[in-house]
Amino acid sequence: NGLLCHSWLGDPATFDTATAAIETVIAIQAGGISMNGEDVVVLRDSLSDAKHFQPTLTEWMRQPPNPQVSYNFDLALLIAGSHLADGKHALAADIATWVLQTMPDHPRARAILGMTHLNAMRYAESLKEFDAALARDANNVLALTGRALALEQSGDAVKALDAFGKLVREHEQPTGPLPLIGLLGKARAFAKLGKEVETRHLLERAREVDPVAADKLAAKLFPGAR
């Protein structure tokens with residue numbers, strides 16, 4: 001029952017753990033990579049404990065910001081992250097925008113808003129939000145992933161190479177899902193630049209992490225190849 005119950009008791013480390021987990025889920029889904037279904041179920045079961053908070057959040061959002069009210073922005077953004085992972089982008093954007101009315105530099109809110117712009121293919125707007133998030137938190141997982149995807153999808157393969165490279169370099173677990181997104185993203189960017197040797201090399205590295213995801217991308221990039 002978890003993470004949220006402890007967070008209500010004032011354990012910020014638990015909040016950080018929960019938020020990092022939901023952001024990882026969003027990042028994995030954004031990168032088109034499958035993940036352990038049990039992990040998602042456990043995380044979302046814990047998030048279901050926040051349902052009783054939703055009416056309070058809805059009421060807060062209907063009113064102008066009140067400096068006399070002690071808002072629980074962390075819990076609000078955890079719910080926003082859950083909406084984002086579930087594909088409810090408008091709800092996620094509404095919560096993030098509400099938080100930013102009071103805390104305009106909040107990196108997590110900026111990153112979530114950036115992902116909603118990315119989903120709508122508003123690449124310039126998404127990059128603006130991701131850059132703002134990273135200016136405050138250089139290791140924000142959601143912003144790093146979203147920025148790389150936005151650059152790739154907007155056609156800037158050269159900058160996308162560097163952005164995806166950060167996902168590979170800046171995470172300690174070389175076999176984790178975020179480095180996998182980086183490897184596959186760099187492979188796609190190299191393919192767009194016509195760099196077949198580099199593309200195949202990255203796909204081989206990705207196969208060491210997740211052969212299924214790597215082979216799916218290889219089939220798309222090199223149809224008919226064995």
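Just so it is clear, none of the values below were taken in a lab; they were calculated from the coordinates. Just so it is clear, the structure is predicted and the values come from calculations on it, not from any experiment. No Cβ is skipped: glycine too gets one built from the backbone with ideal geometry, and neighbour counts run over all protein chains shown.
Checking the a/c ratio against 1.5 first, then a/b against b/c, what shape does the Cα gyration tensor give for the stretch 59-163?
Details: a/c = 2.48, a/b = 1.91, b/c = 1.30.
The shape class here is prolate.
For a Förster distance of 30 Å, can you work out the FRET efficiency between the beta-carbons of Arg136 and Leu193, rounded to the nearest 0.05?
Numbers: r = 32 Å, r/R0 = 1.05.
With a Förster radius of 30 Å, E is 0.40.
Which semi-axis lengths, in whole Å and largest first, follow from the square roots of five times the eigenvalues of the Cα gyration tensor of the stretch 54-103?
On the way: eigenvalues 72, 19, 18 Å².
Sorted largest first and rounded, they come to 19, 10, 10 Å.
When a/c reaches 1.5 or more, the comparison of a/b and b/c decides; with that in mind, is the stretch 75-223 rounded, prolate or oblate per its Cα gyration tensor? Could you put the intermediate results ahead of the total?
Numbers: a/c = 2.09, a/b = 1.97, b/c = 1.07.
Prolate is the answer for the stretch 75-223, as a/c is 1.5 or above and a/b outweighs b/c.
Within straight cross-link reach of Lys166, meaning Cα distance under 25 Å, which lysines are found once same-chain residues fewer than 8 apart are removed?
Within the straight-line limit of under 25 Å, Lys166 reaches these lysines: Lys128, Lys186, Lys192, Lys195, Lys216, Lys220.
What's the exposure ranking of His201, His106, going from fewest to most Cβ atoms within 10 Å?
Working: His201 15, His106 21.
Least to most surrounded, the residues fall as His201, His106.
What number do you get for the stretch 117-164 when its Cα radius of gyration is normalised by 2.2 N^0.38 Å, N = residues?
Compared with the compact-globule rule of thumb, the stretch 117-164 sits at 1.01.
To the nearest Å, what is the center-to-center distance of the stretch 49-118 and the stretch 151-168, using C-alpha atoms only?
28 Å
For a quick check: sort Met115, Met61 by the number of other beta carbons within 10 angstrom, fewest at the front.
Numbers: Met115 31, Met61 14.
So the residues, fewest neighbours to most, are Met61, Met115.
Whole-Hz Karplus ³J(HN,Hα) for the stretch 58-72, in order, using 6.51 cos²θ - 1.76 cosθ + 1.60 and θ = phi - 60°, x for Gly and Pro?
Once θ is set to phi - 60°, the couplings for the stretch 58-72 become 4, 5, 4, 5, 7, 9, x, x, 10, x, 7, 9, 8, 6, 9 Hz.
Taking R0 as 45 Å, what's the FRET efficiency between Arg207 and Glu125 from their Cβ-Cβ distance, rounded to 0.05? Walk me through the numbers before you get to the answer.
Numbers: r = 35 Å, r/R0 = 0.78.
Using R0 = 45 Å, I get an efficiency of 0.80.
Rounded, prolate or oblate: which fits the stretch 115-199 when a ≥ b ≥ c are the square roots of the eigenvalues of the alpha-carbon gyration tensor, with rounded for a/c under 1.5 and prolate only if a/b beats b/c?
Working: a/c = 2.15, a/b = 1.18, b/c = 1.82.
Since a/c reaches 1.5 but b/c is at least a/b, the shape of the stretch 115-199 is classed as oblate.
In which sequence would Val25, Val212 go, from the one with the fewest C-beta neighbours within 10 Å to the one with the most? Don't jump to the answer; show the numbers that get you there.
Numbers: Val25 21, Val212 9.
If I rank by nearby Cβ atoms, fewest first, I get Val212, Val25.
Which whole-Hz couplings ³J(HN,Hα) result when phi for each residue of the stretch 137-145 is put into the Karplus expression 6.51 cos²θ - 1.76 cosθ + 1.60, θ = phi - 60°, listed in order with x for Gly and Pro?
Whole-Hz 3J(HN,Hα) from phi for the stretch 137-145: 9, 5, 10, 5, 4, 5, 5, 4, 5.
May I ask you to list the trypsin sites (Lys or Arg not before Pro) in the stretch 107-168 that are in a DSSP loop and have at most 16 other Cβ atoms within 10 Å of their Cβ? Don't skip to the end; give the middle numbers.
Working: sites: Arg108, Arg110, Arg122, Lys128, Arg136, Arg147, Lys159, Lys166; in loops: Arg122.
Here the sparse-neighbourhood loop sites are Arg122.
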